[in-house]
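**Q** Before I ask anything, let me first share the structure, which is written out below as structure tokens.
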Amino acid sequence: MHLKLEVEIQKSEAEKLQKRKGKVEEDLESLKRDYKKLRLSMRTVGLGKTSEQWRQEVREERAKADQWEKRFQEAQARNEALERGLSESKNEKDELRARMVELERSLCLYRNRNSVTELKASLGKIEEMKGKIEELETALQSCEMRIEFLEANEEQWKN
């Protein structure tokens, strides 16, 4: 009886082990299917690359990043140069405006000086003409006196 009981226990344990084995095999098959699906998804997405492929892709991405960084630095240098040029142009423009104001003042002063000089020259000419007029008036008076003298002489000769 002991033996029978032991056989039944062994059978029961064997059945349990068989059931467990079936369950484990089923789980294994399920895991294999999931693994195959995952590998397929990884290949589709690109995750199933070898480490060398990943290294190559990383190198390419670094090269692209370096290229963009270089372009950015060049653009930044151009912007800085343009800003310096703009600043210099503004300074030059301000200097030119100041110079223009200074030249306008000088022109006004020059015109005023020229006006004064012209007025002095005109005054000198007026004085010169006054002198000539006085000479002419003196000459005219002299001529008038001669005419009167000649007319008086003529009257005397007629009488």
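**Q** Arrange the following residues from fewest to most other Cβ atoms within 10 Å of their Cβ: 106, 51.
**A** Taking fewest neighbouring Cβ atoms as first place, the list is 51, 106.
**Q** Between residue 37 and residue 55, what is 0.36 nm times their sequence separation minus the Cα-Cα distance? Round to one decimal in nm.
**A** Here the segment from residue 37 to residue 55 would lengthen by 4.0 nm.
**Q** Gain in length, residue 96 to residue 110, computed as 0.36 nm per residue apart minus the alpha-carbon separation, to one decimal in nm?
**A** Net length gain for the segment: 3.0 nm.
**Q** Please rank 157, 54, fewest neighbouring Cβ atoms within 10 Å first, as an exposure proxy.
**A** So the residues, fewest neighbours to most, are 157, 54.
**Q** Okay, moving on. Once Rh for segment 1-48 is found with the Kirkwood sum over Cα pairs, what is the Stokes-Einstein diffusion coefficient at 20 °C and 1.002 mPa s, in µm²/s?
**A** My calculation gives 160 µm²/s for D.
**Q** Among the lysines, select those whose C-alpha is under 23 Å from the C-alpha of residue 16, and discard any that sit fewer than 8 residues away in the same chain.
**A** Answer for residue 16, where 23 Å is the Cα cut-off: 4, listed by chain and number.
**Q** Enumerate the lysines that residue 90 could reach by cross-link, defined here as Cα to Cα under 23 Å, with residues fewer than 8 away along the same chain left out.
**A** none
**Q** Same structure again: How much length would be gained if the chain were fully extended between residue 120 and residue 84, taking 0.36 nm per residue of separation minus their Cα-Cα distance, in nm to one decimal?
**A** My answer for the length gained is 7.7 nm.
Every read-out reported here was derived from the displayed coordinates using simple, explicitly stated rules and does not represent laboratory data. What you see is a predicted model, and the numbers here were worked out from it, not measured in a lab. Please note: Cβ atoms are built from the backbone with ideal geometry, for glycine as well, and neighbour counts cover all protein chains shown.
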